[in-house]
Amino acid sequence: MAGSIGGAIGMFGGAVGDLFTAQADRAIAKGDWDAAQQYNYAGTIAEANKQLTELSTQIQETQLQRKIDKTIGAEQSAVGGANLGPGGTAGDLLRESMQQGSLAKQLVSTQGAINENAFESQAAAYRAMRASSQAASNAADKAAQGAEIGAAFKFGSGIMGLFGI
Amino acid sequence: MARIPQFDAGEGRLQPSEAGSAAFREAGAITQRNAARVGAMIEQTGTSISGGLKAFGGTLSKMEDAAKDHNDAMANIDFENQLTKAEIAAQGGINLAAAPKDSSGKPILENTPARAGVSLPDDATVPTPGQYATTADATLKGHATLLDNMVGNIGGFWGVSQAARDKMALRAAQSNRQLQVHAAAVEAQNQFDHALTITGETEKEIYAGVNRGEIPLDTALAHIDRTYDALSGALSGDFAIKGGPLIEATKRQAHQNAIWQAAAGQVMKGNIDGARAIINDKAYDKYIGGPEREKLLASVNGIQDQWLKDDAARRTAGNQQRSDDQNNLTYQILQNSKLPPDKQDPNLTRANMENLKPFVGDAAGLEKARKIIDSEIEHTADPLLSQQHLAAVMRGITDGSIKTDAQIEQRFRPGQADSMSWGDLTHAKQLLKDANDNPAVKEFNAKVKEWMTNPGNQSQIDRKMIDSTGNISPITKTALGQTMLDRWHAEVQRRADIMRRNGEDPHELLDTNSPKSMVTPKALAPYVVTDQMAQQFQANQKASSADINAQRQQGTMPTGTPEIPSNLKNTKDLGFNEQSQQWYDPATKQTYSVDGRKAPMLGAPPLTPDLNKPVVMPKGTTPDQIKQQLQPGQKFIIEHDDGKKYQGTVPGKRSDAGGQLNFAADAEGLGNSAAQRAISSAIFHDDGAKTEAASAPAGTARAVTDQTQRLENVRGYGQQLTGSIVINGHNYHFINGGGGRGSIPFGSYSVSNFRSAEQRASQGLIHLGDTFDLNDVRDPLAGGTRTALRIHAAHGQGTLGCIGILGGPDKFEQFAKDMKAAGVTKLVLGPQGMQTAAK
């Protein structure tokens, strides 16, 4: 029974190519996996930033509330000291301060919410990137496995071809 | 109360930094890009290596494909070769299974579907369809098994592709199918042959009955119709359709054979006109066309012509035999006359000649013989003149002007002094026979003629041909010069004859460089014409017959033949050279002058037969030629008819004064070994056969075997027989057996029904050439009846029981003529002395 040495060598060549492809896929998978880790870290940081932004907003709101309180308190003292009723100019001033204070607080809260959303979006994006990299890594890993299986088949075919099976 | 100091973060200072996540994002991107680059590089490396390997593998695959194609081709060739051999063997086996067998069981392989128009021998047997089927089936199975093994063996060789194996298997299947088709065709042929053989046996009975007149021709023709109609009905299918025309043609031939047998029956009775009447009968027009009728009539006419020729030949042969007998008797009377009176045979005398059978009723022959005896006894012929006659005859034989015995006999005038002597006449006739029959002698004579007719050569003997200026002129050639040239020529021929007997090439005689040359000045010296010789010649020319007779009456030999000197009278085998005029003592090799004094030898040294140098006699040398060449003490090598060579020495001495050997007596001295018997047979047994022939009754021929008994051969059949048949004085060697069921028993056989090759062919018989029929005989050794026995030509290998006349068709033609001339109807086969034998 005659086998084909040329065919077997061709098959071995294919197997070698597949092995290298598998190695390449594994390298890519590892890169993707590592990138996923990086993105994970970035996402974690973005998450932390969001909490920090929330905390920062609360702090700023607290600080602003205290300023508002201080400002209104000072105006109430001034009005009271001048025996000014709450109506008239002094009342108007107080009312304006309260409105301005509310507005400032609303601005701080809104800005904080915006920043929180931004960091949350950033964290979500990083999570998505991590998931994507992980998926790519898994795919590359699967591809490597497939290439290895293909190489095994080609090698086996070459051996079989060598013996003419 | 303590106040908690107020801490206010600056505006925008509580904003988290994106730097960390951006750094990791960038790191992830870089990692991905690098991994992609590394992966790409690894893949590129793999692609490169893989591509190289694939390219190498591809090239190797092409080489392997080429090698595979070659392996396949070689395997296919081997397979086809073996397949061809197997097919030939299988087809041969199939053909053999259906082949008819001759009487010895030997297959007749012409009897295949390819056979056309070849009839089977009378004694052939055809396998039955059942026998054929059994053998053919075994052959088909054997062939199929063989092909399976071939496919397995050859297809299993390393490097042979599956495609090639598949192809072989397909071819094997095709071969099996073809062989089956062939077997079917042969089966049909076998069935046809079997039916035809049965029909043929019926036919033969019809022919025999018609030939003997026991069955009326019209009844026989109707019987043939019924027989062949039955044969047609027995065939079926495609073969019946194809065989129909053949059966019709065979039936027509059978009708014609029956008509011919009826006519032949009339011929055998001597009624030629009756035979012609049967053939010309218009009632048989539907069986015989014009050309066929002409052919049968031509056969009858041919038989009639042959009868006439045979009759004439018988008369001619009878005359020749009578002449030979008279010559032999004359010789015996001459020898008898030289014996002392008390030892002479009283029947063999000159006075009693007229009572001897060969001379009774032939006055002319008697007178001629008596003149011969008188001339020999009284030496009436001048020996010198006779030698001149002989020399002239030899010259005539050499230059081709003398071609017949009659030309020589013109010089034989018994009773006259200028006649050629009887001994020289006999010698001259033998020389002419040799020159006519032996191509080597003829070729040598042409060379001698070429030398003798050259004026330059002639002038070496006859100086008168050279004028004073040295020119050579044939016009001035003298009569004496011609005489001496003739003597030179006679001596050349004598020496050539001796050299041939010694197995030497006589052309050396014409070679100036050979020590045996006869053309050197020294060798020619004795023949050169001298003045003294010319004067003596002129004196002899003037001498009258009266002077010669006077010399004879005075007790001297005529024309100056010298007396033997007293000192040489007791010399044994003393010779005299007339050319050199010298005596020669062979014992001492000394030459003497004419008056007996020692003298240096003139001319070429004497040449005598070398008894120790074997005379080689090739196959085909006739007994007469053998006898002529042998003398006592001569060693010889003879190639017998069996192809073997025997050597020996001729025993005994010359038994009579005439120098002839008594071969019959000497043959007994050869001893009794197988080789010696063979030599004895080759040389001498014709004498026994002649004796037997002479004493056999009229119409009976004796086939005298060399074997005294018919023994069994290794197969239990009769051993091969050899021997001689003498008819009309001609000796024919024969063989019997050697093949088939061996030789036939000793005994008496009827001889009949000579048929030429053409007649046999016209009767549809197997071609053997011309034949005579012998009767069937019961053979105890073979355990049955031997049939279809013939006498026919043979070439030395053997026969199946027929008498084979050796020498081929030409020899057999002469044999047949002698058989017819002698009217032989009975042949007695057996050893010498067996004149009668039980059938």
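The values are calculated or read from the model by the stated rules, or taken from the named source; none is laboratory data. As the structure is a computational prediction, the values presented were derived from the model and not from experiment. Cβ atoms come from the backbone with ideal geometry, glycine included; neighbour counts cover every protein chain shown.
Whether any residue in the range B:294-310 is more than 36 Å from the chain's Cα centre (by Cα) and part of a helix (DSSP H, G or I) is what I want to check. Taking every residue of the range B:294-310 in turn, none turns out to be more than 36 Å from the chain's Cα centre (by Cα) and part of a helix (DSSP H, G or I). Applying the criterion of at least 2 residues that are among the small types (Gly, Ala, Ser) and touching a Leu at 6+ places or on another chain (Cβ under 8 Å) to the helices (runs of 4 or more DSSP H) found wholly in the range B:450-543 leaves B:479-501. Among residues of the range B:448-470 being touching a helix residue (DSSP H, G or I) at 6+ places or on another chain (Cβ under 7 Å) and under 12 Å from B:HIS489 (Cβ atoms), the one that is surrounded by the most Cβ atoms within 10 Å (Cβ to Cβ) is B:ILE461.
For the range B:56-71, the candidate set comprises residues that are within 8 Å of chain A (Cβ to nearest Cβ) and hydrophobic (A, V, I, L, M, F, W, C); within that set, the residue that is farthest from A:SER4 (Cα to Cα) is B:PHE56. Within the range B:385-404, being closer than 18 Å to B:SER419 by Cα and aliphatic (A, V, I, L, M) holds for B:LEU385, B:LEU390, B:ALA391, B:ALA392, B:VAL393, B:MET394, B:ILE402. Contact map, the range B:779-794: residues that are of a type in the set (Ser, Thr, Tyr) paired with residues that are at pLDDT 80 or above and not in a strand (DSSP E or B), Cβ distance under 7 Å, separation 6+ or inter-chain. Pairs shown: B:THR785/B:ASP776; B:THR787/B:ASP776. Considering the range A:14-35, and only residues there that are buried (at least 24 other Cβ atoms within 10 Å of the Cβ) and facing chain B (nearest Cβ under 7 Å), the residue that is farthest from B:ALA29 (Cα to Cα) turns out to be A:GLY17. Quick one: which residue in B:GLY270, B:GLY237, B:GLY265, B:GLY200 is modelled with pLDDT of 80 or more and either farther than 21 Å from B:ARG760 by Cα or out of contact with any Leu (no Cβ under 6 Å at 6 or more places or on another chain) (or both)? The unique qualifying residue is B:GLY265. Annotation note: Cβ proximity below 7 Å between a residue of the range B:278-295 that is closer than 15 Å to B:ALA258 by Cα and in contact (Cβ under 8 Å) with a residue 12 or more places away in the chain and a residue that is in a helix (DSSP H, G or I) and among the small types (Gly, Ala, Ser) (sequence gap 6+ or interchain) occurs for B:ILE278/B:ALA262; B:ILE278/B:ALA263; B:ILE279/B:ALA263; B:LYS295/B:SER762. Restricting attention to the range B:41-66, the residues that are among the aliphatic types (A, V, I, L, M) and surrounded by 14 or more Cβ atoms within 10 Å (Cβ to Cβ) add up to 4. Is it true that B:LEU334 is at pLDDT below 80, crowded, with 18+ Cβ neighbours inside 10 Å and over 20 Å from B:PHE772 (Cα atoms)? Yes; evaluated as a whole, the condition is true for this residue.
Can you tell me which residue is surrounded by the most Cβ atoms within 10 Å (Cβ to Cβ) among those in the range B:337-359 that are under 25 Å from B:GLY729 (Cβ atoms) and of a type in the set (Asp, Glu)? The residue in question is B:GLU354.
A Cβ distance below 9 Å, combined with a sequence gap of six or more or placement on separate chains, defines the contacts here; from the range B:41-53, residues that are at the interface with chain A (Cβ under 7 Å from one of its Cβ atoms) reach residues that are of a type in the set (Ser, Thr, Tyr) in the pairs B:ILE42/A:THR21; B:GLU43/A:THR21; B:GLY46/A:THR21; B:THR47/A:THR21; B:SER50/A:THR21.
Pairs are defined by a Cβ separation below 9 Å, a sequence spacing of at least 6 or placement on different chains, a first member in the range A:91-104 that is farther than 13 Å from A:LYS67 by Cα, and a second member that is in a helix (DSSP H, G or I) and of a type in the set (D, E, K, R); the pairs so defined are A:LEU93/A:GLU75; A:LEU94/A:GLU75.
State whether one or more residues within the range B:78-92 are on the phi < 0 side of the Ramachandran plot, surrounded by fewer than 18 Cβ atoms within 10 Å (Cβ to Cβ), assigned to a loop (DSSP other than H, G, I, E, B) and without any contact (Cβ under 8 Å) to a residue 12 or more places away in the chain. Scanning the range B:78-92, I find no residue that is on the phi < 0 side of the Ramachandran plot, surrounded by fewer than 18 Cβ atoms within 10 Å (Cβ to Cβ), assigned to a loop (DSSP other than H, G, I, E, B) and without any contact (Cβ under 8 Å) to a residue 12 or more places away in the chain, so the answer is no. Looking at the range A:57-64, is at least one residue assigned to a helix (DSSP H, G or I), at pLDDT 75 or above and more than 12 Å from every other protein chain (Cβ to nearest Cβ)? For the range A:57-64, residues assigned to a helix (DSSP H, G or I), at pLDDT 75 or above and more than 12 Å from every other protein chain (Cβ to nearest Cβ): absent.
Could we say that B:LEU789 is at pLDDT 75 or above, among the aliphatic types (A, V, I, L, M) and closer than 20 Å to B:LYS101 by Cβ here? So B:LEU789 fits the description; yes. Hey, among the residues in the range B:752-771 that are in contact with a helix residue (DSSP H, G or I) (Cβ under 7 Å, 6 or more places away or on another chain) and hydrophobic (A, V, I, L, M, F, W, C), which one's modelled with the highest pLDDT? Checked the range B:752-771; the qualifying residue modelled with the highest pLDDT is B:PHE754.
When you look at A:GLU47, is it out of contact with any His (no Cβ under 9 Å at 6 or more places or on another chain), within 14 Å of chain B (Cβ to nearest Cβ), surrounded by 15 or more Cβ atoms within 10 Å (Cβ to Cβ) and at pLDDT 80 or above, yes or no? Answer is yes for this residue. Within the range B:337-377, the set of residues being hydrophobic (A, V, I, L, M, F, W, C), in contact with a helix residue (DSSP H, G or I) (Cβ under 9 Å, 6 or more places away or on another chain) and in a loop (DSSP other than H, G, I, E, B) comprises B:LEU348, B:LEU356, B:VAL360.
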